[in-house]
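What follows is a short report on a single structure.
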Amino acid sequence: MQFFERHSGGERVVLVHIDTGREHSIEDEHEFLELARSAGADIVAAVSVTRQNPDPKLFVGSGKAQEIADLVEAHEAELVIFNHSLSPSQERNLERLLKCRVIDRTGLILDIFAQRARSHEGKLQVELAQLKYLSTRLVRGWTHLERQRGGSIGLRGPGETQLEMDRRLINRRIAQLNTRINKVQRQRHEGRKGRQRSEVPTVSLVGYTNAGKSTLFNTVTAAHTYAADKLFATLDTTLRRVKIAPGKPVVLADTVGFIRHLPHDLVTAFRSTLEETLLADLLLQVVDAADPEHVRQLADVDEVLEEIGAKALPRLIVMNKIDRLERSPGLDRDDEGRPWRVWVSAKDGLGIELLQQAITERLQTQTVNKTITLSAGEGRIRSRLIAEGAVVHQLLREDGNWQLEISLPEARWNQLCKHEPLLAAQC
């Protein structure tokens, strides 16, 4: 059974953007256009609608819906894409009126992800997100879904509608995918434990899609991962071990790009992939410095990082694409003298030495100063902290517990917390 439809590139498409009067609506329209192009759409017409509240039946008003229908007929369009989330009933009503397929923003992003997923895990995650999305949209005016099964000897009775059977099959497939993804996640976890045992810090690239993360990754690691000037060019996490300073190896992780209003199901489905971000010792937030909306994109990335629980991690801002600004490479420091922003061109290799210097400094100079308490039975951990040179002062209390004042690099402290479960509660 075919659970979901993927439209092939080159379909004739009408785009519908809804201006709700909120901030950044114009920027969203540009991003919507880029998403459609990334999906391979042949855009034949675009409609902008101003509406504060959606119509419960058609989302847009009946007059505007008829205008869209006329455009579909005039341009022989095969698909209409709305830059908004549509309910299943709105989608169904629009398809009946427009006499062509209709998808919303989430469906569009899912289609792009389906085209770009390359790894086994990525394909599983995309299919899972698609099936969850489809499970709410089984009733799309297809009359065969309401027909009942049954009538054979031993099966007579009310029977089972095709809709119920399809929903049951989808739920079964979702369960299978969850099992497979959990298995892949366990394998990824074992690989991560190996890196932790070798005490090699992880630096994760994050940022808005098309900010140049994969290009920067290739430049720093001399890898050849796919990179292109389009949204969501790469989805799968790629890891490479690289020396950024003599004798100082790190693992660099290139992750999926973020976007404004990233569908929640995709964030959930790719949670195991995003764990490379969540467990990183340092985040490199790559920003397209030449994009006039880069400040808003910084805020959008912050929202996604907060959703996955990674907003509090140490972060270094990488202002990329300075070749488009005719700006020289540079390194900006905060009030404490720590690097917090680097200006580079990943494409031309400008500023990469400064970036490597900043990464080295941040991994070495970020200091944790705190007081922890260890019981008498946790002497092994105490001995390890002393061996690390992390203990500034220690006191044996009357209750038999040790009170330790420690000071050590933040990246090293994070690694110790990962290795020592008894320390994790005090991290």
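The values are calculated or read from the model by the stated rules, or taken from the named source; none is laboratory data. Every value quoted in this text rests on a predicted model; they were computed, and no experiment measured them. Cβ placement follows ideal geometry from the backbone for every residue including glycine, while neighbour counts extend to all protein chains displayed.
Which residue, of 48, 62, is more than 19 Å from residue 113 (Cα to Cα), touching a residue at least 12 places away in the same chain (Cβ under 8 Å), surrounded by fewer than 18 Cβ atoms within 10 Å (Cβ to Cβ) and among the small types (Gly, Ala, Ser)? Every option except 48 fails the conditions.
Among the residues here, residue 237 qualifies as at pLDDT below 85, crowded, with 21+ Cβ neighbours inside 10 Å and of a type in the set (S, T, N, Q). Counting the residues of the stretch 296-330 that are outside any helix (DSSP H, G or I) and of a type in the set (Asp, Glu) gives 1. Flag set for residue 44, criterion: touching a helix residue (DSSP H, G or I) at 6+ places or on another chain (Cβ under 9 Å) and more than 22 Å from residue 136 (Cβ to Cβ).
Considering only the stretch 331-382, how many residues are part of a strand (DSSP E or B), farther than 30 Å from residue 399 by Cβ and either out of contact with any Gly (no Cβ under 7 Å at 6 or more places or on another chain) or without any contact (Cβ under 8 Å) to a residue 12 or more places away in the chain (or both)?
Initial filter on the stretch 331-382 (part of a strand (DSSP E or B)): 331-333, 339-343, 345, 350, 367-374.
Checking which are farther than 30 Å from residue 399 by Cβ leaves us with 331-333, 339-343, 345, 350.
Narrowing the set further to residues that are either out of contact with any Gly (no Cβ under 7 Å at 6 or more places or on another chain) or without any contact (Cβ under 8 Å) to a residue 12 or more places away in the chain (or both) leaves 331-333, 339-341, 350.
So the count comes out to 7.
Which of the residues spanning the stretch 42-95 are of a type in the set (Gly, Ala, Ser) and either in contact with a Lys or Arg (Cβ under 6 Å, 6 or more places away or on another chain) or closer than 10 Å to residue 16 by Cβ (or both)? So that I can check it myself, show each step before the final result.
Taking the stretch 42-95 as the starting set, the residues that turn out to be of a type in the set (Gly, Ala, Ser) are 45-46, 48, 61-63, 65, 69, 74, 77, 85, 87, 89.
Result: 45, 46, 48, 65, 77.
Filtering 358, 376 for residues that are more than 25 Å from residue 314 (Cβ to Cβ) and either within 39 Å of the chain's Cα centre (by Cα) or not polar (S, T, N, Q) (or both) leaves a single hit, 376. Within the stretch 400-420, is even one residue modelled with pLDDT of 85 or more, touching a helix residue (DSSP H, G or I) at 6+ places or on another chain (Cβ under 9 Å) and surrounded by fewer than 16 Cβ atoms within 10 Å (Cβ to Cβ)? Within the stretch 400-420 (the criterion being modelled with pLDDT of 85 or more, touching a helix residue (DSSP H, G or I) at 6+ places or on another chain (Cβ under 9 Å) and surrounded by fewer than 16 Cβ atoms within 10 Å (Cβ to Cβ)), the answer is yes, since at least one residue qualifies. Only one entry of 104, 111 meets the criterion of being within 24 Å of residue 37 (Cα to Cα), among the acidic types (Asp, Glu), crowded, with 21+ Cβ neighbours inside 10 Å and out of contact with any helix residue (DSSP H, G or I) (no Cβ under 8 Å at 6 or more places or on another chain), and that entry is 111.
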